[in-house]
Amino acid sequence: MSLAYFIVLDNQEPGFDTFVNGKDFAHCETLEEITQKLGIADIYSYVDGDAEALFGEGGDEYDEDEENWPPFDPSKYVWFDPAEGISYFGTLKAYFENDGATTPNAEGISEDLDEFISVLEQAAEIGAKWHLQIDI
């Protein structure tokens with residue numbers, strides 16, 4: 001399964017690459033348990049998954065042909081300040097580099113978290129907001 005989290009910015013042309021791998025992080029089977037242990041929000045708190053509001057009933061009618069996608073409308077999304085994400089992913093990164101180092105693929109997860117942090121630091125520099133989406 002090719003599940004992955006990715007960052008979406010409210011600025012569609014930020015001037016930098018927003019790609020993050022996110023696959024190792026998405027496949028961490030203990031993530032919910034870890035976030036509870038750390039006292040931080042569940043990852044789904046940052047996922048804007050209201051596909052029906054964005055694309056109409058069914059949610060995926062525009063997935064294949066981007067030319068048919070509706071115009072980007074930031075008001076249809078929930079956005080977060082980059083500082084919140086930097087703190088969140090930084091907390092998780094510290095966990096996986098220390099207490100969670102024995103978690104399967106902790107190194108790959110930590111690398112994914114570095115990518116999230118890097119994109120959010122750049123987003124902060126341009127005043128962009130963000131949220132996560134899931135690629136299934």
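Readers should treat all values here as calculations from the given coordinates under stated rules, not as data from a laboratory. Since this is a predicted model, take the numbers as computed values, not measurements. With ideal geometry, Cβ positions are generated from the backbone for all residues, glycine too; neighbour counts draw on all protein chains shown.
Some points to look at:
- The simple spin-label model puts a point 7 Å past each Cα toward its Cβ; for Ala41 and Ile134 those points are separated by 1.6 nm.
- Separation of the Ile126 and Ala83 label points, Cα + 7 Å toward Cβ, nm: 2.1 nm
- Inter-label distance for Ser2 and Asp99, nm, one decimal - labels placed 7 Å from Cα along Cα-to-Cβ: 3.5 nm
- Charge context of Glu125, other residues only, Cβ under 15 angstrom, K/R +1, D/E -1: -4
- The lysines whose alpha-carbon is closer than 27 Å to the alpha-carbon of Lys76, local same-chain residues fewer than 8 away aside, are Lys23, Lys129.
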